[in-house]
2 protein chains.
Amino acid sequence: MTSSRDFDNTRAVWYHFSAFYIILKGAVGNLTGTRQRKEMQTSIKKNWLLDKAGMLFWQKGYHATSMKDLANVCNCKPANFYNYFKNKEDILYEVIKNITEQGVSSIRHLDDDEETSPVEQLRSLIKSHFGYLASMKQSSILLSDTGIKYLSREHRKEIIELRDLYDSILRKIIRRGIEDGEFAPTDEQVVSNLIASVVVRSSIWFSNKGRLSVDEVGEIMFNFVYSGIGGE
Amino acid sequence: MTSSRDFDNTRAVWYHFSAFYIILKGAVGNLTGTRQRKEMQTSIKKNWLLDKAGMLFWQKGYHATSMKDLANVCNCKPANFYNYFKNKEDILYEVIKNITEQGVSSIRHLDDDEETSPVEQLRSLIKSHFGYLASMKQSSILLSDTGIKYLSREHRKEIIELRDLYDSILRKIIRRGIEDGEFAPTDEQVVSNLIASVVVRSSIWFSNKGRLSVDEVGEIMFNFVYSGIGGE
DNA sequence: AATAAGTTAATGAACATACATTAACTTATT
DNA sequence: AATAAGTTAATGTATGTTCATTAACTTATT
């Protein structure tokens, strides 16, 4: 009994010292009512769990990761996840959704910007998305490539729609570039897939500790793509 | 009992009528001694099993594929696999080894060929690798990408060595192209990653049933890459 | 201010199920 | 007769999930 309680306290303290968690929790502050504050804390904890789950799913693969594995990494018991998520698939879904949404939002500002030239937009797209990917430590956007098949039909559909949003932004840039004569005319659909591949798969081979910096690689990547679609 | 036996016979007949199997088995012919012939037939059946297993691993993922699933596709019982393979991991290993070896051997001739121009070599590499990937039905996920983490340490090492061979061939082509002045000088390491990304991820978005043929997409892909590294 | 009612986050135990693998046995082939 | 190919049945283990319960908090009522 006593040891169990002691352990709970230890655990609670541990949670609050987890860097990410404590910072966000602090940011919530005392501005809101206790009710809302609690809800926010819950969602923070939920995101923290998702973060951990994402790492594990990416490292070990979805099916190779058991609820027990998840629980171990999160310092709790498997059952506790069911206070936050409907089931295991739901965890994967939320992980993938977050990753994909962040990818989209890292380039969303380009969508309704008709002023900037397509070339500059392309540079911005590549650099901001690649930069974002390089900044995430463990989990990877490629999880949304590999994990999508384990999702339920509805969830899969939602993710695909999200991804289409990303694609449509990219395609629009290419279309404008071709119309303006800045890019050589090619199949905008295929080419946007090629470009996305280059960016997204960087998370497999790029390392922050490597020979080249994010900026240097980003520049090489942009030059490659830019020449690839017949610019310059 | 009787019905079970009847079913077995049906199954046996079915095996021998499976197109791939019967052709190969016929090809073995009566030229060799009975002992060797039997061994060859065994290995043919084994490869046939590997082929089926590969498709399933590819579609569903390794851990999501049960021995029962495999047995269903191969019209036999799970236990029978243990007459051919040590365990499940062994099946995965052989599948991945085959895939990787085929991928590598389709481009190996480029390695010690100093005659053909780098441009043509690059075209050949891209088209044959992409063509190979496209020929796999049920386009889904990069098995050799995601599957290797489920292999034992030794098996994984072997596969990685094979893959390194692929990389080194690609890098060599790029290096020669830069030296010859056919390609613009860039970082050969990064660029080879970019190229491999483009080719490998095609298995996610390319469909044989789509608007464009393998050849058309292959051409667009090559042009993209070729311009990308500053050719033409 | 004190107490009652309700909520959240966590737990351990129990669950049915599905899994890979094995051993013993039967049938088919040479 | 010997070996190969296949089956049946059984086994131990691990899995995802549910359930009742508890402690700590928050909100509502008096």
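The values are calculated or read from the model by the stated rules, or taken from the named source; none is laboratory data. All figures in this text were calculated on a predicted structure; none of them were measured in a lab. Positions of Cβ are generated from backbone atoms using ideal geometry, with glycine treated the same way; all protein chains shown enter the neighbour counts. Note: accessible area is taken over every heavy atom of the protein model, side chains too, but ligands, DNA and RNA are not part of it. Shrake-Rupley method; radii C 1.70, N 1.55, O 1.52, S 1.80 Å.
With every atom except the alpha carbons ignored, what do you get for Rg and Dmax of the range B:84-141, in angstroms?
Every Cα atom of the range B:84-141 included, Rg and Dmax give 14.8, 45 Å.
Quick one: 3J(HN,Hα) in Hz for the range A:210-227, Karplus 6.51/-1.76/1.60 with θ = phi - 60°, rounded, Gly and Pro as x.
x, 5, 10, 7, 4, 5, 4, 5, x, 5, 4, 4, 4, 4, 4, 5, 4, 4
Across the range B:148-160, in residue order, what do the Karplus-derived ³J(HN,Hα) couplings come to in whole Hz, using 6.51 cos²θ - 1.76 cosθ + 1.60 with θ = phi - 60° and x for Gly and Pro?
4, 6, 8, 7, 5, 4, 5, 4, 4, 4, 4, 5, 5
Rounded if a/c is under 1.5, else prolate if a/b is larger than b/c, else oblate: which is the range B:89-228, with a ≥ b ≥ c the root eigenvalues of its Cα gyration tensor?
oblate
As a quick test, which of the pairs A:Lys60/B:Lys127; A:Lys52/B:Lys68; A:Lys60/B:Lys157 have an alpha carbon distance above 26 angstrom in this structure?
With Cα atoms farther than 26 Å apart: A:Lys60/B:Lys127; A:Lys52/B:Lys68.
Can you give the mean number of other chain Cβ atoms that lie within 10 Å of the Cβ atoms in peptide A:50-62?
Per residue, the average neighbour count from other chains is 1.
Below 12 Å, Cα to Cα, which aspartates and glutamates can A:Lys86 reach? Residues fewer than 8 away in the same chain don't count.
A:Lys86 reaches A:Glu94.
Mind checking which lysines have their Cα closer than 16 Å to the Cα of A:Lys209? Skip sequence neighbours fewer than 8 apart in that chain.
Of all the lysines, those that pass the test against A:Lys209 - Cα under 16 Å, at least 8 places apart if same chain - are A:Lys137.
Whole Å is fine, so just give me how far the alpha carbon centre of the range B:117-137 lies from that of the range A:155-222.
The distance from the Cα centre of the range B:117-137 to that of the range A:155-222 comes to 21 Å.
Can you work out the FRET efficiency for the pair B:His109 and A:Glu114, with r the C-beta to C-beta distance and R0 = 51 Å, to the nearest 0.05?
That pair, B:His109 with A:Glu114, gives E of 0.55.
Solvent-accessible area of A:Thr186, probe 1.4 Å, all protein chains present, reported in Å² to the nearest ten, please.
Rounded to the nearest 10, the figure is 70 Å².
Return the average number of partner chain Cβ atoms within 10 angstrom of each residue Cβ along peptide B:198-211.
4
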